[in-house]
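Notes for the one structure printed next.
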Amino acid sequence: MNRRAFLLTPLLVATPRIGAAVAYPRVDAGTPLAFPRDHGSHPAFRTEWWYITGWVRDGNGHDLGVQVTFFRSRPGVAEDLVSAFAPKQLLFAHAALADPRDGRLRHDQRAGRAGFGIVSAAEDTTDVRIGDWSLRLEADEYRARIVARDFAMDLSFRARQPPLLQGTAGVSRKGPRPEQASFYYSRPQLEVSGSLERDGRTEGVTGTAWLDHEWSSEYLAPDAAGWDWIGVNLDDGGALMAFRIRGRDGGVLWAGGAYRSADGAIRVFTPDEIAFAPVRRWRSARTGIDYPVAMRVTAAGREFVVEPLQDDQELDARATVGIIYWEGAVRVTTGGAAAGRGYLELTGYGDPLRL
């Protein structure tokens, strides 16, 4: 899938609908998740993503951040057409490599309409692909193969813990109304191995990663501007996820998260137990967007300080999903002591986000 092909994809989303309006399914509380089926695609829903972020280390002891994300969208376009060219399902993918020695984020993106054996998202397990970009689950191991403009990844992510169901049994509220929710589970503490290729050299890497899989039909409230999210693999084997949905008025519309201890005990946070406070900001010279790249996150009274591996981890995805966001590898401390490593995501700091 070449770059010209995915640059055309956003135009498909704006194509006038043909036929009746699409009735998307709701995310209903009490609907149980079932594996392995729910590792796969849910094409009836409007939006879905498989999101891997992690820290790896090369043979010389250098730390790097890696991101591999596949998105699926049902735009509700031309669904009554029988043509294989009808854009009934669209797939997008982002990949990024953060290395402080570069001083910038290496990233690339792909997109295409599902079909012809080139672009697909399987329903029985995780198996998404856009040309030579793919993410596939076999048994308890994910395999990502990415061939980007100035880097390549061939990485395996082995699950050592069961899925962490977010929210109430996998139904995660994202706003004040019940339908503003997603089906959502995480795979923390993934064991990473494989190789990275860049600048004419290939190097082996190992590390730890986090996978999120979410699907929804109505993710954000109309007055939402964006969100802040962290997923942290704690050094003791535990896992922390926290998020807040920011309103266009500068307030907080909703918040949530979960903590799983190393022994498997889970605590789900209520909105009033989560707080994000900026510690330090960074302004992009490319876009002029100002991001709070260092944060103080409070979860049920416990405070975590989040500092980026490097400040410049901005990803310009206007060519595919139409947004600019900050997605960065971060170190996490509590009480001044190292506590873990993870990723911080910041959306809607330029224009308000629309899903």
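The values are calculated or read from the model by the stated rules, or taken from the named source; none is laboratory data. The structure displayed is predicted, hence computed values, not measured ones. Here Cβ is always computed from backbone atoms with ideal geometry, including for glycine, and neighbour counts include all displayed protein chains.
Structure summary
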quantity	calculated
Strands (runs of 3 or more DSSP E) wholly inside the stretch 285-328 containing at least 3 residues that are at pLDDT below 95	314-317
Residue ranges of strands (runs of 3 or more DSSP E) in the stretch 68-129 with at least 3 members surrounded by fewer than 22 Cβ atoms within 10 Å (Cβ to Cβ)	104-113
Extreme residue, modelled with the lowest pLDDT, among residues of the stretch 212-240 that are over 21 Å from PHE183 (Cβ atoms) and of a type in the set (A, V, I, L, M)	ALA225
Those residues of the stretch 257-266 which are among the charged types (D, E, K, R) and within 22 Å of the chain's Cα centre (by Cα), in sequence order	ARG260
Residues of the stretch 329-355 classified as part of a strand (DSSP E or B), over 20 Å from GLY207 (Cα atoms) and of a type in the set (A, V, I, L, M, F, W, C), total	2
Exclusive hit being small (Gly, Ala, Ser), closer than 27 Å to ALA44 by Cα and touching a residue at least 40 places away in the same chain (Cβ under 8 Å), set ALA242, ALA221	ALA221
Residue that is farthest from the chain's Cα centre (by Cα), among those in the stretch 201-256 that are farther than 18 Å from PRO163 by Cα and among the polar types (S, T, N, Q)	THR202
Failed item, numbered, when GLY264 is tested on (1) over 17 Å from GLN166 (Cα atoms); (2) not in a strand (DSSP E or B)	(1)
